[in-house]
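Following: one structure in C-alpha cells, then a few remarks.
The values are calculated or read from the model by the stated rules, or taken from the named source; none is laboratory data. Everything quoted here is computed from the prediction, not taken from an experiment. Ideal geometry is used to build each Cβ from the backbone, glycine not excepted, and the neighbour counts take in all protein chains shown.
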Amino acid sequence: MGLLEDSGIFFMKGVNSMEFKVNHLTKTEQYTQFMHFMLEHIEEYVVKMYGDFPDKTIAKFTPEKIQGKLEAYVDRIGKIENTERGIEAALKDCLKISHFSCYLYALLKHGHAQADLFSSPKKGK
C-alpha cells in the first residue's frame, strides 16, 4: 500500500488526473476541522514543550528564518516514504508548517511574529 492508502485516504486514478475520494465538506468546514487539530497541537505540544508568548526565540524570527523552517518540514514530508518516521510524524509536520505559517503571516502583516492578528497592520505594510 502507498502512503495515502495507509493513512485511510483511498484514491483511484482518473482519466486525466488522480482523483481522491472525499467527503462532501465545504473548504471552510474542512479547515474548521483542521483548526481543531492545530489548537490541540499548540496546547498539548507546543506550549507544554516551549512555553507560551512572550517567546524570546520567536521574537527574533525573520521571514527568511521562518521560510527555512517551512522548507525543512516540507522537504521532510516529501521524503516520508523513504524513512522510518511514518505517517504520524508527517501529520505532525503538517501542523508545524501551519503554525510557522501563522508566525510568518503575523510577521509580514505586523512586523513581528507574536502579533495580535486582529489588530491594525503596521503602517507601510
**Prompt:** Going through region 38-53 one residue at a time, which ones are exposed (fewer than 14 other Cβ atoms within 10 Å of the Cβ), part of a helix (DSSP H, G or I) and over 12 Å from the mean Cα position of the chain (by Cα)?
**Reply:** GLU40, GLU43, GLU44, VAL47, LYS48, MET49, TYR50
**Message:** Need a quick list: helices (runs of 4 or more DSSP H) entirely within region 54-125 having at least 2 residues that are surrounded by 14 or more Cβ atoms within 10 Å (Cβ to Cβ) and free of Cβ contacts under 8 Å to residues at least 60 places away in the same chain.
**Reply:** 63-78, 86-110
**Request:** Taking the residues in region 4-20 that are more than 19 Å from LEU91 (Cα to Cα) and loosely packed, with under 10 Cβ neighbours inside 10 Å as candidates, determine which candidate is modelled with the highest pLDDT.
**Result:** MET18
